[in-house]
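Below is one structure, written out as structure tokens; comments come after it.
The values are calculated or read from the model by the stated rules, or taken from the named source; none is laboratory data. All of these numbers come straight from a predicted model, not from anything done at the bench. Cβ placement follows ideal geometry from the backbone for every residue including glycine, while neighbour counts extend to all protein chains displayed. To get the accessible areas, we keep the full protein, side chains included, count just its heavy atoms, and leave off ligands, DNA and RNA. Shrake-Rupley method; radii C 1.70, N 1.55, O 1.52, S 1.80 Å.
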Amino acid sequence: MAEFDPDCDDTELPDLADRDAAIRFLERNDVALPEGLTIEKIKSRGSWWAIDDESFSFRVERHPSGPFPSTSMTGKGMPTPARWHIRKRYTYHLTIDEWDVAERMREFDFSPMLLVDAEFEQFPNKDMWEQALARARDAEDPEEVLDEQLSLTEQKYRATFDDVPEDHIEEMLAVLGEAFRRRVGMD
């Protein structure tokens with residue numbers, strides 16, 4: 001870890017002219033990074049850099065996607081149907097060797113079309129939904145089969161998206177319920 005005397009004067013501080021110089025400083029001085037932050041994340045996602053004589057800062061945006069993979073089985077990237085958008089500002093104070101981390105934005109978003117595709121058309125969920133659809137087509141009360149399937153899905157979503165607002169979970173389940181009804185011919 002970089003060691004700096006809090007009583008140091010500005011002439012003892014490194015001259016960091018740009019983003020690359022700040023990253024080199026972090027690498028060469030083995031500065032302890034805040035939890036979850038790595039040099040690779042800083043290099044690939046760090047943006048909106050601000051550098052002055054006593055500190056530098058940057059923004060990192062993450063997109064945790066819960067149970068949904070961000071790539072398809074073919075290995076090609078594809079958007080996830082439901083994910084958080086989390087933006088944080090990281091500031092490193094050279095004079096005191098400390099980080100400030102401030103969350104600037106946290107927003108949950110989902111795409112109904114991508115959600116239906118991920119659940120009904122992509123493995124591993126595709127088989128589960130196909131079995132439920134087959135049971136519903138043969139059942140006296142297809143709505144009961146739908147309720148059972150949505151209950152299982154709700155449990156999975158609540159466990160995975162434990163901090164997602166209730167209205168988003170309800171909206172996602174409603175989208176899946178309507179897709180199920182269309183596929184069974186219940187609408």
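Mind checking which residues of the stretch 19-44 are part of a helix (DSSP H, G or I) and loosely packed, with under 15 Cβ neighbours inside 10 Å? Hits for the stretch 19-44 are Asp20, Ala21, Arg24, Glu27, Arg28, Ile39, Glu40, Lys41, Lys43, Ser44. Could you list, in sequence order, all residues of the stretch 58-82 that are in a loop (DSSP other than H, G, I, E, B), open to solvent by less than 40 Å² (accessible area, probe 1.4 Å) and modelled with pLDDT of 80 or more? Thr80, Pro81, listed by residue number.
Residue-by-condition table, conditions (1) assigned by the TED database to the domain that holds Trp84; (2) surrounded by 15 or more Cβ atoms within 10 Å (Cβ to Cβ); (3) farther than 13 Å from Pro81 by Cβ:
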site: Asn125; (1), (2), (3): no, yes, no
site: Trp129; (1), (2), (3): no, yes, yes
site: Ala134; (1), (2), (3): no, no, yes
site: Leu146; (1), (2), (3): no, yes, yes
site: Phe161; (1), (2), (3): no, yes, no
site: His168; (1), (2), (3): no, yes, no
site: Met172; (1), (2), (3): no, yes, no
site: Leu176; (1), (2), (3): no, yes, no
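Taken over the stretch 83-113, the residue count meeting the criterion of being open to solvent by less than 40 Å² (accessible area, probe 1.4 Å) and either within 24 Å of Gln149 (Cβ to Cβ) or of a type in the set (A, V, I, L, M, F, W, C) (or both) is 7.
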